[in-house]
Amino acid sequence: MEEIELLKQINNKLSYNKDFLTLQEACSYLGMSKSKIYKLTSNRVIPHYKVENKLMFNKKELNDWIKDYKVMAEKTIEEIAMEKLG
C-alpha cells in the first residue's frame, strides 16, 4: 500500500513539470475537486482546452488565472490610495 502512495506522489510531482495538465492533474495542482473544475469549465470561468473530448489545462494559463483573483492587503490599498491623492 505504501508503494502505491509513493508512486502517486511521484506521478503528481512529474506532472508539475509539464506545460499541459489533464483534468486529474489540474485537480491536484489547484487543490480542487473534479466537480468544481467541471463547473468552472462549463461556465467558461477557467481557461481550458478540449482535445478529443478530454479537458486539458495549460499550467501557465492556470497560474495567470489564479493571479487574477489576488486580494490586496489593506496596507497596499492604502498606499495606492495615497499615491492617487497625491
Query raised in the report: If you scan region 63-80, which residues turn out to be surrounded by 10 or more Cβ atoms within 10 Å (Cβ to Cβ) and either at pLDDT below 85 or more than 30 Å from L40 (Cβ to Cβ) (or both)?
Result: M72, T76, I77, E78, E79, I80
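Which residue out of I46, I37 is touching a Cys at 6+ places or on another chain (Cβ under 9 Å), of a type in the set (V, I, T), modelled with pLDDT of 95 or more and not in a strand (DSSP E or B)? Let's see the steps before the verdict.
On the way: I46 fails: touching a Cys at 6+ places or on another chain (Cβ under 9 Å).
Answer to the check: I37.
Which ones in region 52-62 are without any contact (Cβ under 8 Å) to a residue 40 or more places away in the chain, surrounded by 10 or more Cβ atoms within 10 Å (Cβ to Cβ) and either over 12 Å from F20 (Cα atoms) or not aromatic (F, W, Y) (or both)?
Step one: filter region 52-62 for residues without any contact (Cβ under 8 Å) to a residue 40 or more places away in the chain, giving 52-58, 61.
So of that shortlist, the ones also surrounded by 10 or more Cβ atoms within 10 Å (Cβ to Cβ) come out as 55-58, 61.
Matches in region 52-62: L55, M56, N58, E61.
The values are calculated or read from the model by the stated rules, or taken from the named source; none is laboratory data. This structure is a prediction, so every number in the text was calculated from the model and none was measured. All Cβ positions, even for glycine, are placed from backbone atoms using ideal geometry, and neighbour counts span all protein chains on display.
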